[in-house]
Amino acid sequence: MSALIAAVLSWGAIRGYFVYAPSQWLTASRIFIVCAAIVAACAIVAFIVGYARLSGSWSLTKGWFVPLRKLFEVLSLSVVYGSTVFLATFVVLNVVNTMIGIQLGGDYLMALVVGGAGIMGYFGYVQGELLTAKTVASLLPLFVLSGVGTAGLTTDDPNWWHNNFSQLGDNVTFAASMFNVTIILAGVCVIIISYFAVYELLASHKQYVEWRHRAHLPVDPREIDDTVEDVSEEADSDPDKASGEGLPRRLTHEKSARVSHFRLRTNLLMALLALSGISLAGVGIFRYTPHPFMHNLCARGMMFPMCILLLILPWLAPQLSKMVFVMSDLVLVLISVSGVMWTMGQTSLTNVEAITWILFMAWFVVFSRQVAALEADRVYAQLKYDGGENEKIASRLSPSK
């Protein structure tokens, strides 16, 4: 039904556009913008309906804050999802136009838009109902590559890559505007995804602390030592044996509950991720020509929170897998090597920027998937050992919350 409704609405929208649009809006690039916007609008509406319809957060029983926060989260996720669909659709239309040329018009283009809207209407609804942190994070690299790729394909400066990526956006052309908008939205998306990731770390910590309470174990990390652990032969021989009130030992001794200065760590983690996203958005907001100081401040300044984040991640989030820490160190090494090669004249600044952001996007996806794994383990443990009685501790990404 979602696919059918999206297809019918998109057909009416694109047909009305061809009939009533002024002549200056019937050029190829503007037609593709409108077509991509129609497909993205269908995907966004389907996503919002799928994500929000099962939620119990819309009632005012707990005050105005809960539904307002839910509304913010729905709109934020819609920005990530809709922007990705828009840019990906625009790239596809440009590629098809390059292959078949003028034949991409009229009924053929309308069929592509209707089919794309139907497909994205279906996937938008399904992904809204089954949303996870790793799904959201996986959209970000696709989103950035689609926008930057579109800008590179449509720019009138074929030699922009000899300098740096900022030159691609240092103009008032369509390609430059596409690049700057992509960078701005990418920064916003980093902040949005970071919000959900950090919230899951908080939810996991809260749940494991509660389980330690139920097992009559101390929750202040300064009080915890080997003397308070269940050292019985039964517990040592089987980590899943109960250490208190039916809870397995691996839950009550989960390191997520025993991290000292947990709030400080998570606040610093969120601040560093947010600064990286703000700096990235600033590169698109402040073009180099009219704002050289602010542009350079954002472009070069973003390296500081990124590098600090990668360097101290084992302290910020010790509950993550060691694989994430190894990858963080590897990313730092590769970025440093590429920077040294640039200073020696062996590569261009464009290559250094591309390597840096490809590696950071890859790290960000891995980080988000690790957080999603923590969420999956916690939710499974809640269902198995709590019987759903602790539903108040849930991921903010959960469509049913």
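Here are some notes:
- Considering only residues in the stretch 1-28 that are of a type in the set (Gly, Ala, Ser) and out of contact with any helix residue (DSSP H, G or I) (no Cβ under 6 Å at 6 or more places or on another chain), the one that is farthest from Phe86 (Cα to Cα) turns out to be Ser23.
- Residue list for the stretch 345-365, restricted to those being assigned to a helix (DSSP H, G or I), without any contact (Cβ under 8 Å) to a residue 40 or more places away in the chain and of a type outside the set (Val, Ile, Thr): Asn351, Leu359
- Among the candidates Ala137, Ala133, Ala175, residue that is over 16 Å from the mean Cα position of the chain (by Cα), modelled with pLDDT under 80 and outside the structural domain of Gly284 (by TED's automatic domain parsing): Ala175
- Test: Ile312 is touching a Ser or Thr at 6+ places or on another chain (Cβ under 9 Å), of a type in the set (Val, Ile, Thr) and free of Cβ contacts under 8 Å to residues at least 60 places away in the same chain: no
- Criterion: modelled with pLDDT under 95, surrounded by 13 or more Cβ atoms within 10 Å (Cβ to Cβ), over 28 Å from the mean Cα position of the chain (by Cα) and of a type outside the set (Phe, Trp, Tyr) - qualifying residue of Ile14, Ile44, Ile33: Ile14
- The residue that is farthest from Val188 (Cα to Cα), among those in the stretch 76-111 that are assigned to a helix (DSSP H, G or I) and either of a type in the set (Gly, Ala, Ser) or modelled with pLDDT of 90 or more (or both), is Gly101.
- Among (1) on the phi > 0 side of the Ramachandran plot; (2) touching a residue at least 40 places away in the same chain (Cβ under 8 Å) - the single one Gly101 does not satisfy: (2)
- When the stretch 47-63 is limited to residues that are within 17 Å of Ala3 (Cα to Cα) and crowded, with 17+ Cβ neighbours inside 10 Å, the one that is modelled with the lowest pLDDT turns out to be Tyr51.
- Any chance Trp342 is closer than 27 Å to Asn171 by Cα, without any contact (Cβ under 8 Å) to a residue 12 or more places away in the chain and in a helix (DSSP H, G or I): yes
- Yes/no for Val337 being at pLDDT below 85 and more than 22 Å from Val144 (Cα to Cα): no
- Inside the stretch 147-159, residues that are without any contact (Cβ under 8 Å) to a residue 40 or more places away in the chain and in a helix (DSSP H, G or I) make up a count of 3.
- Flag for Val198 being within 19 Å of Ser76 (Cα to Cα), in the same structural domain as Leu269 (by TED's automatic domain parsing) and in a helix (DSSP H, G or I): yes
- Residues considered: Phe86, Phe65, Phe90. Of these, the only one that is closer than 15 Å to Gly121 by Cα and out of contact with any Leu (no Cβ under 6 Å at 6 or more places or on another chain) is Phe86.
The values are calculated or read from the model by the stated rules, or taken from the named source; none is laboratory data. The model shown is predicted, which means the values in this text are computed figures rather than measured ones. As a convention, Cβ positions derive from the backbone with ideal geometry for all residues, glycine included, and neighbour counts pool all protein chains shown.
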